[in-house]
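Have a look at the structure below before the remarks.
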Amino acid sequence: MAIAALLTGLTWACRDAPSPWEPPVEEVPAGARRLTFNPGDDRSPAWSMGGDSIVYVAEGFGDLARSAGVLLSIPREGGAARTVFPLVQPKRTTAAALLAPAVEPGSGRIAYAQLLVSEGVCIGDATSCDPADSQAEPPRLQTGRLRARSPGATTPAEQDPTLAVVFDGVALDDSRHPFNLPGVWITRLHPFQRRFNDEGMLPVRPSWDPAGGRLVTSDGLGLFVWRPGESAATPIPGTDDGSSPAWSPDGGSIAFTRFDRGAELQTTCQHLTVDPRAGTTVGCVEERTEWPIGRATIQLVPSSGGTAVEIAEGTEPAWSPDASWVYFARADGIWRIPVAGGQPELIPGTEAGGGPAVSPDGTELAFTKHGEDGKGDIWVVPLP
C-alpha cells in the first residue's frame, strides 16, 4: 500500500455519491459497520473529541481526486464525508498530502503530518552491487512537517504551529568524487524506512497528551515530545527505534512500536544511465547500509522516559479510554492486551485490519480494513 498512489477517477465515501447508489453486498460481522467505500485507500481513523464522528485520510475525494491524502470526517453511524481543512487541502499530486490525524482532547484541534517522499537517489537502475544480493528499495522518506490546526481556522497552513522532521536515510557526500562523479549517496535503510516502502506505515503518527498542549511523535529512530508553537522537540529516553506512539489517557505512559533490527549489511551500488538532455552517460554511486526487519513489538515507556517494557508483538498501538487495555495490529487483525498483564485476544470482525482507534466511550473500535489489493476502508466494530 503506497502512500503516494494516486486515483485517476472520482472517489466516494459511503453515501456521498451520485444517486442512485447502493453499497456493495457483502458479509458483515454482527454489529460491524463499513463507513467508507473508496476505490482508493482510506486509513488512519481518529475519533472526534465527542465521539460522534471519525476523522481519517482518504486517497482522493470528489474534486480532490488527485490528492494523495485528504483529511475527511464522517459520522459515526455512517453518512456523507466532508473535508476537514478545505482551505489548506492540497489539490495537486505534487503537493504534500495531509496524513496521520490526531484530535486534541478538550479543544478538538487536529495535528497532522505532511511528508516529502523521494522515488530514489540515483537515476536509472543499479548496474552492479557489491555484494550482489542486495535488492532493497532505497529509502523514500526524506522530511516531514507536523502541524496543528483548529477546525474552522481560516489562516494559511504556513501560519499553523509547525515542527520540521528529518528522517535518517539519504545524504549526499560532496567531499568524495570517485570515478569523476559529483559525489556519493549515503543511504541507510532502517526498518521504519522499509515499513514505509512496503506498507506505507508512518513512523511520524502523532498523539496528544491527554492534558492537552503537547504531542508525542517519532522520526523513526525514537520518540520526542513537542509543544505546538515551540521551535524544537524533546527526545524521550529509552525509545530507540520507536515509532507510531500513543499517549495513555491517564498521561503516565506512552505505547509505541519498536522494530528490531536484523544483521547490518553494507552494500555499494553503481548506477549508469543516459542523460536524455545531454545524450551522455552519467553515473551515481550509492553506499547503502541495510537493516532487515526483525520482530515488531509493542512497548510501554513512562511518558517522561525510562526503561521500555515489551507487552506484545504487533504494531500501531492504541489505548482504551480507561487505560486498562492496549490495542494493536497484527497480520490477522486487531488484538488487545491488558496493561496489568494477561494474554492478548483477537477482536472479532477485524480480519485484515490495521490502525486501531477506540471510541471515547470505549464501546467501539474504528480501524482500517484492507482488501486483497492492499487498499483500505474505514470500519467500526463493537468491543467485547
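Every number here is computed from the coordinates shown, using simple stated rules; none is lab data. Quick caveat: nothing in here was measured; it's all calculated off a predicted structure. Heads up, the Cβs are rebuilt from the backbone with ideal geometry, glycines too, and the neighbour counts pull from every protein chain shown.
Overview of results
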item	result
Residues 319, 185, sorted so that the one with the fewest Cβ neighbours within 10 Å comes first	185, 319
Per-residue HN-Hα couplings for region 338-343 [Karplus 6.51, -1.76, 1.60; θ = phi - 60°; Hz; x = Gly/Pro]	x, 5, 6, x, x, 9
About the Cα centre, charge dipole magnitude for the chain (Lys/Arg +1, Asp/Glu -1 at Cβ), debye	900
Antiparallel bridges, percent of DSSP beta bridges restricted to the chain (to nearest 5)	95
Proxy reagent accessibility, fewest Cβ within 10 Å first, across 330, 295	295, 330
Cα gyration tensor, region 107-313 - rounded (a/c under 1.5), prolate or oblate	oblate
Rounded FRET efficiency, nearest 0.05, which uses the C-beta distance separating residue 227 from residue 340 and R0 of 45 Å	0.90
Exposure proxy ranking, count of Cβ atoms within 10 Å, fewest first, for 64, 215, 116	116, 64, 215
Most fluctuating residue given options 331, 233, 366, as computed from a GNM of the chain linking Cα atoms under 10 Å	331
DSSP beta bridges in region 107-313 [antiparallel fraction, %, rounded to 5]	90
Estimated FRET transfer efficiency when R0 is 22 angstrom, pair residue 92-residue 137 (beta carbons, to 0.05)	0.30
Longest exposed-site-free window of the chain, the sites being GluC sites (Glu not before Pro) in a DSSP loop that have at most 12 other C-beta atoms within 10 Å	120-263
Cβ-based charge dipole, region 246-384, positive-most Cα from 291, 253, 340	291
Coil-residue trypsin sites (Lys or Arg not before Pro) of region 137-215, DSSP, other Cβ within 10 Å capped at 15	176
Scattering curve values for region 196-272, log₁₀ I(q)/I(0), Debye with Cα scatterers, q = 0.26 Å⁻¹	-1.24
Inter-label distance for residue 30 and residue 150, nm, one decimal - labels placed 7 Å from Cα along Cα-to-Cβ	4.6
